[in-house]
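Everything below concerns the one structure shown next.
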Amino acid sequence: MDELIKRIEIWSIDRGLNNQDSGKQILKLVEEFGELVQGHLKNNVDQIKDSIGDMMVVMIIFCQQENIKIEDALKRTSSRLFYEHRLKDVESCFKLTLRNISQLADIPRFWPELNLAAITDSISNIGGAYDLTVEECLQAAYEEIKDRKGKMVNGVFVKQEDIK
(Lines give C-alpha, C1' and ligand atoms only; values in the text may rest on other atoms or scores of the structure.)
Protein backbone atom coordinates (compact mmCIF):
# COMPACT_ATOMS: atom_id res chain seq x y z
CA MET A 1 0.00 0.00 0.00
CA ASP A 2 2.83 2.43 0.83
CA GLU A 3 4.40 1.99 -2.61
CA LEU A 4 1.04 2.54 -4.28
CA ILE A 5 0.50 5.74 -2.31
CA LYS A 6 3.95 6.98 -3.36
CA ARG A 7 3.15 6.31 -7.05
CA ILE A 8 -0.09 8.29 -6.75
CA GLU A 9 1.74 11.16 -5.03
CA ILE A 10 4.27 11.24 -7.89
CA TRP A 11 1.41 11.14 -10.42
CA SER A 12 -0.15 14.11 -8.63
CA ILE A 13 3.12 16.07 -8.57
CA ASP A 14 3.72 15.40 -12.28
CA ARG A 15 0.36 16.98 -13.06
CA GLY A 16 0.65 19.87 -10.59
CA LEU A 17 -2.26 18.69 -8.45
CA ASN A 18 -0.23 18.62 -5.26
CA ASN A 19 -0.16 22.41 -4.94
CA GLN A 20 -3.75 23.24 -5.95
CA ASP A 21 -6.61 24.42 -3.74
CA SER A 22 -7.64 21.58 -1.43
CA GLY A 23 -11.23 22.85 -1.50
CA LYS A 24 -11.52 21.62 -5.09
CA GLN A 25 -10.28 18.23 -3.92
CA ILE A 26 -13.10 18.11 -1.36
CA LEU A 27 -15.56 18.70 -4.21
CA LYS A 28 -13.96 15.81 -6.11
CA LEU A 29 -14.34 13.67 -2.99
CA VAL A 30 -18.05 14.53 -2.84
CA GLU A 31 -18.39 13.67 -6.53
CA GLU A 32 -16.72 10.27 -6.06
CA PHE A 33 -18.80 9.61 -2.94
CA GLY A 34 -21.94 10.25 -4.98
CA GLU A 35 -20.76 7.67 -7.51
CA LEU A 36 -20.13 5.21 -4.66
CA VAL A 37 -23.68 5.71 -3.38
CA GLN A 38 -25.03 5.24 -6.90
CA GLY A 39 -23.01 2.04 -7.33
CA HIS A 40 -24.38 0.71 -4.04
CA LEU A 41 -27.98 1.55 -4.92
CA LYS A 42 -27.59 -0.20 -8.27
CA ASN A 43 -25.57 -3.08 -6.78
CA ASN A 44 -22.87 -2.32 -9.37
CA VAL A 45 -19.68 -3.85 -7.95
CA ASP A 46 -17.47 -2.41 -10.71
CA GLN A 47 -18.70 1.12 -9.96
CA ILE A 48 -18.22 0.55 -6.23
CA LYS A 49 -14.64 -0.62 -6.80
CA ASP A 50 -13.91 2.34 -9.08
CA SER A 51 -15.45 4.84 -6.65
CA ILE A 52 -13.61 3.55 -3.59
CA GLY A 53 -10.33 3.66 -5.49
CA ASP A 54 -11.05 7.15 -6.79
CA MET A 55 -11.97 8.38 -3.30
CA MET A 56 -8.65 7.11 -2.01
CA VAL A 57 -6.76 8.85 -4.84
CA VAL A 58 -8.58 12.09 -4.05
CA MET A 59 -7.79 11.79 -0.33
CA ILE A 60 -4.11 11.11 -1.03
CA ILE A 61 -3.93 14.26 -3.17
CA PHE A 62 -5.88 16.24 -0.55
CA CYS A 63 -3.27 15.20 2.01
CA GLN A 64 -0.48 16.43 -0.25
CA GLN A 65 -2.23 19.77 -0.65
CA GLU A 66 -2.75 20.14 3.11
CA ASN A 67 0.67 18.76 4.12
CA ILE A 68 -0.94 15.86 5.95
CA LYS A 69 0.72 12.49 6.05
CA ILE A 70 -1.86 10.05 4.71
CA GLU A 71 0.03 7.32 6.56
CA ASP A 72 -1.00 8.92 9.87
CA ALA A 73 -4.66 8.66 8.91
CA LEU A 74 -4.26 5.08 7.71
CA LYS A 75 -2.56 4.09 10.97
CA ARG A 76 -5.58 5.36 12.88
CA THR A 77 -7.80 3.32 10.58
CA SER A 78 -6.19 0.04 11.49
CA SER A 79 -6.55 0.71 15.21
CA ARG A 80 -10.37 0.96 14.87
CA LEU A 81 -10.55 2.77 18.20
CA PHE A 82 -13.33 5.08 17.16
CA TYR A 83 -16.73 4.87 15.48
CA GLU A 84 -16.71 1.07 15.60
CA HIS A 85 -20.25 1.01 16.96
CA ARG A 86 -21.43 3.01 13.93
CA LEU A 87 -19.91 0.68 11.34
CA LYS A 88 -22.30 -2.22 11.81
CA ASP A 89 -24.04 -2.00 8.44
CA VAL A 90 -23.41 -0.47 5.03
CA GLU A 91 -25.99 2.30 5.42
CA SER A 92 -24.33 3.42 8.66
CA CYS A 93 -21.01 3.50 6.82
CA PHE A 94 -22.47 5.77 4.15
CA LYS A 95 -23.83 8.16 6.79
CA LEU A 96 -20.51 8.21 8.63
CA THR A 97 -18.63 8.85 5.38
CA LEU A 98 -20.89 11.76 4.50
CA ARG A 99 -20.53 13.23 8.00
CA ASN A 100 -16.74 13.04 7.84
CA ILE A 101 -16.51 14.48 4.34
CA SER A 102 -18.58 17.41 5.61
CA GLN A 103 -16.28 17.86 8.60
CA LEU A 104 -13.26 17.64 6.32
CA ALA A 105 -14.74 20.47 4.25
CA ASP A 106 -14.95 22.76 7.30
CA ILE A 107 -12.20 25.31 7.66
CA PRO A 108 -10.41 25.36 9.98
CA ARG A 109 -10.05 21.61 9.98
CA PHE A 110 -9.55 20.44 13.55
CA TRP A 111 -8.65 16.76 13.16
CA PRO A 112 -8.39 16.01 9.45
CA GLU A 113 -6.45 12.79 10.10
CA LEU A 114 -9.41 11.48 12.11
CA ASN A 115 -11.87 12.43 9.38
CA LEU A 116 -9.70 10.78 6.74
CA ALA A 117 -9.32 7.69 8.90
CA ALA A 118 -13.07 7.50 9.48
CA ILE A 119 -13.78 7.87 5.76
CA THR A 120 -11.24 5.18 4.94
CA ASP A 121 -12.66 2.91 7.61
CA SER A 122 -16.19 3.41 6.31
CA ILE A 123 -15.39 2.83 2.65
CA SER A 124 -13.34 -0.18 3.67
CA ASN A 125 -16.43 -1.64 5.32
CA ILE A 126 -18.59 -0.74 2.32
CA GLY A 127 -16.09 -2.44 0.02
CA GLY A 128 -15.94 -5.42 2.36
CA ALA A 129 -19.67 -5.94 1.89
CA TYR A 130 -18.85 -6.52 -1.78
CA ASP A 131 -15.68 -8.58 -1.12
CA LEU A 132 -13.42 -5.67 -2.10
CA THR A 133 -10.42 -4.30 -0.24
CA VAL A 134 -9.36 -0.66 -0.25
CA GLU A 135 -5.96 -1.68 -1.57
CA GLU A 136 -7.34 -3.55 -4.59
CA CYS A 137 -9.68 -0.63 -5.32
CA LEU A 138 -6.78 1.83 -5.09
CA GLN A 139 -4.63 -0.38 -7.31
CA ALA A 140 -7.38 -0.48 -9.95
CA ALA A 141 -7.78 3.31 -9.77
CA TYR A 142 -4.05 3.82 -10.18
CA GLU A 143 -3.94 1.48 -13.18
CA GLU A 144 -6.68 3.57 -14.77
CA ILE A 145 -5.07 6.97 -14.16
CA LYS A 146 -1.33 6.26 -14.38
CA ASP A 147 -1.05 7.17 -18.07
CA ARG A 148 -3.93 9.62 -18.14
CA LYS A 149 -3.38 12.84 -20.03
CA GLY A 150 -5.22 16.07 -19.35
CA LYS A 151 -4.80 19.59 -18.06
CA MET A 152 -5.62 21.78 -15.11
CA VAL A 153 -8.85 23.74 -15.44
CA ASN A 154 -9.72 26.07 -12.56
CA GLY A 155 -7.54 24.07 -10.17
CA VAL A 156 -8.99 20.68 -11.17
CA PHE A 157 -7.31 18.06 -13.36
CA VAL A 158 -9.57 17.35 -16.34
CA LYS A 159 -8.81 14.21 -18.33
CA GLN A 160 -8.12 14.67 -22.02
CA GLU A 161 -11.35 13.04 -23.23
CA ASP A 162 -13.41 15.48 -21.12
CA ILE A 163 -11.72 18.63 -22.44
CA LYS A 164 -13.93 20.53 -24.88
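The values are calculated or read from the model by the stated rules, or taken from the named source; none is laboratory data. Please read these numbers as outputs of a predicted model, since none were measured by experiment. FYI the Cβ positions are ideal-geometry reconstructions off the backbone, even for glycines, and counts take in every protein chain you see. These accessible areas exclude ligands, DNA and RNA; they are computed on the full protein's heavy atoms, side chains included. Shrake-Rupley method; radii C 1.70, N 1.55, O 1.52, S 1.80 Å.
Suppose only helical runs count, i.e. DSSP H with n ≥ 4. What mean residue ellipticity at 222 nm does that imply for the chain under -39500 (n - 2.57) per run, divided by all residues and rounded to the nearest 500 deg cm²/dmol?
Rounded to the nearest 500, the figure is -22000 deg cm²/dmol.
Please compute the per residue accessible area over the chain with all protein chains in place, 1.4 Å probe, rounded to a whole number of Å².
53
Please report, ordered by residue number, every helix of the chain (full DSSP H runs) that is 27 Å or longer along its axis going by C-alpha atoms and whose mean Kyte-Doolittle hydropathy reaches -1.0.
22-41, 45-66
First compute the accessible area of the chain with a 1.4 Å probe, then give the percent of it belonging to carbon and sulfur atoms.
The computed percentage sits at 49.
For every other residue with a beta carbon closer than 14 angstrom to the beta carbon of residue 147, add +1 if it is Lys or Arg and -1 if Asp or Glu, then tell me the sum.
My count for the surroundings of residue 147 gives +2.
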